[in-house]
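Visitor: Have a look at this one before I ask anything.
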Amino acid sequence: MEETQISEERSLLQQKVKEVIAEVGKVVVGQEYMINRLLVGLFTNGHVLLEGVPGLAKTLTVNTLAEVLHLDFQRVQFTPDLMPSDLIGTMIYNQKEGKFEVKKGPIFSNLILADEVNRSPAKVQSALLEAMQEKQVTIGETSFKLDRPFLVLATQNPVDQEGTYPLPEAQVDRFMLKVTVDYPTKSQELEVMRRMANLSFDNTVRSLLSKEDIFKIRDEINKVEISESLEHYIIELVYATRNPLDYNLNKEAEYIQYGVSPRASINLNLAAKAIAFMEGRDYVLPEDIKEIAYDVMNHRILLNYEAEADGITTKDIIQTILTKIPIG
């Protein structure tokens, strides 16, 4: 009886997730892949880096998702003159009281959109890094816990690199997923054009998920089963990036400078469970790991100059590894 009740609650939550995706789709055309990965990040407490050229609805998608999820949302436009205090807050002097008070910054929210995160200098990026990793910020001598859930969704433009501060590898590694956002198809772009060229287009959406629902979903994802053979499969995938010669990946060994960090194995496990839950299952399949592998590993593999000269990308390397590493 109790098990039936649990599975009913799970089904209800899975149905709510489908409704969230459909609701966001009322405003955002296409980009189901990006929406799916944003939800994977949210449900597993992982930050997401979105990379794509301007105009691909990255900001609109995050904005709409925040409304549907009924979460506090702040958008911070990263610029070269942005200061850490503009992000986390600062101490201000209250003349009336005759003492310093804390003025909290936009980081005190559930969803943070760090727009064009690579446009700000290292000191701002390090302030964001502390918040992402420690889930707290320090203003003056006091540390403040951030609200839960707390998720950073950062965007960067891969085209216009002039005047930017590339994110250091250590910082990029803090993002659970790096999602490449692509152009829409012809039919999708036609629909985008029709919607956005209509000045009376209604982009209001309903709030469908509460914070409590998100925490319940996290509990359900935690219960998703992953077999021992699939756990070993994840470790083999990770080790293949570090020691490609041990796996007869001789060509790939010429291109890989550094393999992925242990965060990759943790996040592959978590993200695969989230994919399984969103697919309506309570167990992980090998396909779940393969589906999420690119987003988890693409920013963690560091290639050398030979790879760049030969036009080899991390996607090529990951595809070869997934093809050659056996399951179980």
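The values are calculated or read from the model by the stated rules, or taken from the named source; none is laboratory data. Keep in mind it's a predicted model, so treat the numbers as computed, not measured. Neighbour counts are summed over all protein chains in view; Cβ atoms, including those assigned to glycine, are modelled from backbone coordinates with ideal geometry. With ligands, DNA and RNA removed, areas are computed over all heavy atoms of the protein, side chains included. Shrake-Rupley method; radii C 1.70, N 1.55, O 1.52, S 1.80 Å.
Visitor: In nanometres, what is the gap between the two model label sites at Y165 and T323, each 7 Å from Cα along Cα-to-Cβ?
Guide: With each label point 7 Å from Cα toward Cβ, the separation is 4.1 nm.
Visitor: Report the extension gain between E254 and S11 in nm, rounded to one decimal, defined as 0.36 nm multiplied by the number of residues separating them, less their alpha carbon distance.
Guide: Numbers: separation 243, 0.36 × 243 = 87.48 nm, distance 4.72 nm.
Full extension from E254 to S11 adds 82.8 nm.
Visitor: Using Cα pairs closer than 8 Å and at least 6 residues apart in sequence, work out the relative contact order for segment 189-328, in percent. Before the final figure, lay out each step's value.
Guide: Details: 139 pairs, mean separation 39.5, N = 140.
Over segment 189-328, the number comes to 28 percent.
Visitor: Compare the peptides 280-288, 183-191 by average per-residue count of other Cβ atoms within 10 angstrom and give them in order, highest first. List each step's numbers first, then the result.
Guide: Details: 280-288: 16.4, 183-191: 12.2.
So the peptides 280-288, 183-191, ranked by packing, come out 280-288, 183-191.
Visitor: OK, next. Counting only protein chains, not ligands or nucleic acids, how are R263, R119 ordered by accessible area (probe 1.4 Å), most first?
Guide: Values: R263 70, R119 40 Å².
If we order R263, R119 from most to least accessible, we get R263, R119.
Visitor: Using amide H atoms built in the peptide plane, which far-off residues or other-chain residues are under 5 Å from Y165 H to H?
Guide: R119, S120
Visitor: Residues with beta-carbon under 14 Å from that of F150, excluding F150: net charge, scoring Lys, Arg +1 and Asp, Glu -1?
Guide: Working: positive: K104, K135, K145, R148, R174, K211, R218; negative: D72, E130, E134, D147.
Surrounding charge for F150 is +3.
Visitor: Still on this structure: For E306, project a label point 7 Å along Cα to C-beta. Then give me every residue of segment 250-290 with its amide nitrogen under 20 Å of that point.
Guide: 250-260
Visitor: Would you work out the charge dipole size for segment 122-222 about its Cα centre, treating the Cβ of every Lys and Arg as +1 and the Cβ of every Asp and Glu as -1, and quote it to the nearest 20 debye?
Guide: Working: 13 positive and 16 negative charges, 52 e Å.
Dipole size: approximately 240 debye.
Visitor: Moving to a separate point now. For the chain, set up a Gaussian network in which alpha carbons nearer than 10 Å are linked by springs, and say which option among I235, I289, I312 fluctuates the most.
Guide: The residue with the greatest mean-square fluctuation here is I312.
Visitor: Hey, another quick one. Stretch D219-Q95 to full length: gain in nm at 0.36 nm per residue minus the Cα-Cα span? Could the numbers behind the result be given before it?
Guide: On the way: separation 124, 0.36 × 124 = 44.64 nm, distance 4.74 nm.
Residue separation times 0.36 nm, minus the Cα-Cα distance, leaves 39.9 nm.
Visitor: Still on this structure: Extension gain K123-T185, at 0.36 nm per residue separation less the Cα-Cα distance, in nm?
Guide: That works out to 18.4 nm of additional length.
Visitor: Quickly estimate the mean residue ellipticity at 222 nm for the chain, helices only: each DSSP H run with n ≥ 4 gives -39500 (n - 2.57), and the total goes over all residues, rounded to 500. Show your work: numbers first, answer last.
Guide: On the way: 14 runs with 157 residues, N = 328.
After summing the helix terms and dividing by residue count, I get -14500 deg cm²/dmol.
Visitor: Report relative contact order for segment 14-169 in percent, whole number only (criteria: Cα-Cα under 8 Å, sequence separation at least 6). Before the final figure, lay out each step's value.
Guide: Values: 237 pairs, mean separation 41.8, N = 156.
The value is 27 percent.
Visitor: When the solvent-accessible surface of protein heavy atoms is calculated with a 1.4 angstrom probe, in what order do K324, K290 fall, highest first? Mind showing how you got there, number by number?
Guide: On the way: K324 115, K290 80 Å².
Putting K324, K290 in descending order of accessible area: K324, K290.
Visitor: Next question. Quick one: which of 40-47, 213-220, 171-178 comes out on top by average Cβ neighbours within 10 Å, and what's the full order, highest first?
Guide: Numbers: 40-47: 23.0, 213-220: 17.4, 171-178: 20.8.
Output ranking for 40-47, 213-220, 171-178: 40-47, 171-178, 213-220.
Visitor: Segment 225-249 to segment 180-213: how many Å between their Cα centroids?
Guide: If you average the Cα positions of each part, the centres end up 38 Å apart.
Visitor: Among E8, E308, what's the order by accessible area (1.4 angstrom probe), most exposed first? Each step should come with its number before you reach the end.
Guide: Numbers: E8 120, E308 140 Å².
Output order, biggest surface exposure first: E308, E8.
Visitor: Separate question: What's the local net charge at V76, with K and R +1, D and E -1, over the other residues with C-beta under 9 Å away?
Guide: Around V76, the charge tally is -1.
Visitor: Still on this structure: If I model a spin label as a point 7 Å beyond the Cα along the Cα-Cβ vector, how far apart are those points for R174 and N45 in nm?
Guide: For R174 paired with N45, the spin-label model returns 1.6 nm.
Visitor: Over the heavy atoms of S120, what accessible area does a 1.4 Å probe trace out, to the nearest 10 Å²?
Guide: Number for this one is 0 Å².
Visitor: Round to the nearest 0.05 the FRET efficiency obtained for N198 and T313 when R0 = 41 Å and r is the Cβ-Cβ distance. Write out the running numbers ahead of the final one.
Guide: Values: r = 38 Å, r/R0 = 0.93.
The formula returns an efficiency of 0.60 here.
Visitor: Mean projection of the alpha-carbon convex hull of the chain over all orientations, in nm²? Let's see the in-between values first.
Guide: Numbers: hull surface 84.6 nm².
Reported value for the Cα convex hull: 21.1 nm².
Visitor: How would you order 292-300, 85-93, 56-64 from highest to lowest mean count of nearby Cβ atoms within 10 Å? Mind showing how you got there, number by number?
Guide: Numbers: 292-300: 22.8, 85-93: 16.4, 56-64: 21.1.
Per-residue Cβ counts within 10 Å, averaged per peptide and sorted highest first, yield 292-300, 56-64, 85-93.
Visitor: Next up: If I build a Gaussian network model for the chain, linking alpha-carbon pairs within less than 10 angstrom, which residue out of V117, V102, V260 has the largest mean-square fluctuation?
Guide: Highest fluctuation among the options: V102.
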